[in-house]
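Take a look at the structure set out below.
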Amino acid sequence: MNVNFDLLKNKHSWNSTIHQLNSDVLTRHVLMKGNVDIKFTYCEKTGKGDITNADDKLIGNFTISY
């Protein structure tokens, strides 16, 4: 499956191919871009999710496609 990441700060976007969808895999891909203390929410129905920081502020989002 493919993941399209969009971080709001610096308007940074990239795509990654993953084989398993879980927070550890998503975190690894975002941490490679320099962010820390993050969490993810994901809606299986829409295939979209949000990335928030330790203060629960939206810092980006992601979409899943197959």
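The values are calculated or read from the model by the stated rules, or taken from the named source; none is laboratory data. The structure displayed is predicted, hence computed values, not measured ones. Because the Cβ atoms are built from the backbone with ideal geometry, glycine has one as well, and the counts that use them run over all protein chains shown. We work out accessible area using only protein heavy atoms, side chains counted, and drop any ligands, DNA or RNA first. Shrake-Rupley method; radii C 1.70, N 1.55, O 1.52, S 1.80 Å.
If only one of Phe5, Phe40 is at pLDDT 85 or above, closer than 11 Å to Phe62 by Cα, surrounded by 10 or more Cβ atoms within 10 Å (Cβ to Cβ) and touching a helix residue (DSSP H, G or I) at 6+ places or on another chain (Cβ under 6 Å), which one is it?
Numbers: Phe5 fails: touching a helix residue (DSSP H, G or I) at 6+ places or on another chain (Cβ under 6 Å).
Answer to the selection: Phe40.
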Task: Matching entry among Leu26, Leu31 (being surrounded by 11 or more Cβ atoms within 10 Å (Cβ to Cβ), free of Cβ contacts under 8 Å to residues at least 12 places away in the same chain and of a type outside the set (D, E, K, R)) - done: Leu31
Open item on the list: Based on this model, can you work out whether Thr63 counts as surrounded by 14 or more Cβ atoms within 10 Å (Cβ to Cβ), at pLDDT below 85 and either hydroxyl-bearing (Ser, Thr, Tyr) or touching a helix residue (DSSP H, G or I) at 6+ places or on another chain (Cβ under 7 Å) (or both)?
Closed with: no
- [ ] Please enumerate the residues belonging to region 43-60 that are open to solvent by 70 Å² or more (accessible area, probe 1.4 Å), touching a residue at least 24 places away in the same chain (Cβ under 8 Å) and closer than 20 Å to His19 by Cα.
- [x] none
